[in-house]
Structures are given as structure tokens and as C-alpha cells.
Amino acid sequence: MTWRRGIEIKNAAELELMRQAGRVNAEALLAAVAVVQPGVTTGEIDQAAAEVLRRRGATPAFLGYPGPTPYPAVTTVSINEELVHGIPGKRRLHEGDIVSIDCGAIVEGFVGDAAVTVAVGPVADEIWRLLEATLAGLWAGVASMVDGRRTGDVSAAIQQAIEGRGFSVTRDYTGHGVGRAMHEDPQVPNYGVPGKGPVLRPGMTIALEPMVLAGRPETRVLDDGWTVVSRDGRRTAHFEHTVAVTSDGPRILTAFEDPHLDGPHADWYNHFFAGHPRPAEEQGVLAS
């Protein structure tokens, strides 16, 4: 991956531009989630998000991204054992699947980056616990994005929330700084030691993205050069928000204030898109 080295502090105007990008990106994810149902192809999910970016005049952050081959789609759509970077295409969803959708939007030169995992109809209790653990890890990380703490505190909070629920976090892929580039310093793994790493300061913006496995943490990359799967073939999940450190606490930049989701898990996913946890989870997070 291409990295922009050095931690870049954003001023108030730049944070507002990132918030604009984050809103557009949230709208694209909402559109993608809205078409998820049995029989839909991953390509149709990608097209739903792409249409929003086109209509809003945003540039897709993923399309053409350098790699083994330039990335060929607007989103990554990863099913079941696919952890991240699944390439959308002709594969169809089936009831009982879980699908992770990751999208990036560029507006006025700044990136919004977020991901969500949704169930395709009813899923087994173990799979639902996997989704809940992954989202709990995200909220724990967001709540730790406080001026004066360190990135290791964020990583450790994510790890504890997830491993404490009996699941694994990947050691191969990390959260990351984001701003003018999709990947900036610092890297923020989903595991770590409190008190270690760079100090968090207002104006730092980081894409936190717990990538969680039901089984062991080992992964492998498929022959397409992009799709990452669990080595043991068990299910995986992925949630992500772009978060800013502010003097008033963490601020989620990729929330969408007025989500419209229906279905058995609508309330749960609406909380994710609205940028705040359910009452049982951590509080003190800004979403504006």
C-alpha cells in the first residue's frame, strides 16, 4: 500500500472538509447496505455506492488504488471468510451470509473511509456475537481517541473488547491515519500495549477498523492479489470509522445523521451510521 509518511495535524477547516467527505461516504455505504439481500451480487452492491459518489461529485478513493494490480472497484465487498479487500463481481449473496462493505470517498482533496458488516437475513447466534464483538471493539477504540493518550491505548482497548468476547483480531492489517491520503501515519493495529505509540493530539485523524476473526488470527491472500481470507476458513467481520481527536473528545467524521434502515437489525445498524453506540456501549463520542 502507498503511505503518506508523517502524522499530519488538521486544522478546523480541514476537519470540516473531512466531515464533508465522511458524510458522502456514509451515504454511499447506506445505499450499499440498502440493496443487501439474498440473490444480490457483490457487483450490484458496489454499483449502489458508486452511484452515490458520482451523484455527489466525489472521487472514489479505492478505484485504481495501487497494488498487485490497480484496484478495480469503488468498494470492497467481502463475504463470510473474506476479511477485507474482496473484489465486487458476480458472486451472489445467500441467506445466512455476512457481508463487509468498505468504501472511501474523496471530497475537496480529503478522504472519508468507513466500513460496515451486515447480515443477509437471519444468522446463527455465534455469527451475531462476532458482529457485536467487532462493533464493540470499534466503539472501545473510538472512546480511547482522547487528547494525551497514545495509539497503544486505542489498540489495547480494541483488542480487549474483542478478545474478551472470545474472538481474534488480525495481526496482518491495521487502522491508519487518513486525510489528504487514504493511508497516512500513524498505523494503529487492533492489538497493542497501553502507554505505547505516538501521543494523540487534537487534529489527528485516524481510520479505526477492527478486523475480527471467529477463529484463529492467521490470514492469506487469494490469487486475485487483493482478497484476504481467514486461513482456517471461519467467518470474519469488519467495522470502520474515520475519527478525529478534538479538545472536546473523539469526533466521528464518517457518520450519517439520518439513516433509514429497515429490517431485524435496523436499530443496531442505525446506531452505527449515526455515529454513536447503543446505550449499553461506551459514551462520550461526538458525531456532527
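The values are calculated or read from the model by the stated rules, or taken from the named source; none is laboratory data. Predicted, not measured: the structure shown is a model, and the values here were computed from it. Cβ sites come from the backbone with ideal geometry, for glycine too, and all protein chains shown count toward neighbours. Please note that ligands, DNA and RNA were not included when accessible areas were found on the heavy atoms of the full protein model with its side chains. Shrake-Rupley method; radii C 1.70, N 1.55, O 1.52, S 1.80 Å.
The residues in the range 72-128 that are more than 21 Å from A255 (Cβ to Cβ) and without any contact (Cβ under 8 Å) to a residue 60 or more places away in the chain can be counted, and the count is 18.
Only one of the numbered conditions (1) open to solvent by 70 Å² or more (accessible area, probe 1.4 Å); (2) closer than 20 Å to F110 by Cα is violated by G22, and that is (1).
In the set R171, R180, R216, which member is open to solvent by 20 Å² or more (accessible area, probe 1.4 Å), under 19 Å from F110 (Cβ atoms) and either under 17 Å from the mean Cα position of the chain (by Cα) or at pLDDT 95 or above (or both)?
The match here is R180.
May I ask you to verify whether Q37 is in a loop (DSSP other than H, G, I, E, B), out of contact with any Pro (no Cβ under 8 Å at 6 or more places or on another chain), in contact (Cβ under 8 Å) with a residue 24 or more places away in the chain and among the polar types (S, T, N, Q)?
yes
All of (1) surrounded by 20 or more Cβ atoms within 10 Å (Cβ to Cβ); (2) at pLDDT 85 or above hold for R201 with one exception: (1).
Candidates in the range 151-175 are the residues that are of a type in the set (V, I, T) and outside any loop (DSSP other than H, G, I, E, B); of these, the one that is nearest to P217 (Cα to Cα) is V169.
Inside the range 237-288, residues that are modelled with pLDDT of 85 or more, of a type in the set (S, T, Y), open to solvent by 20 Å² or more (accessible area, probe 1.4 Å) and touching a strand residue (DSSP E or B) at 6+ places or on another chain (Cβ under 9 Å) make up a count of 1.
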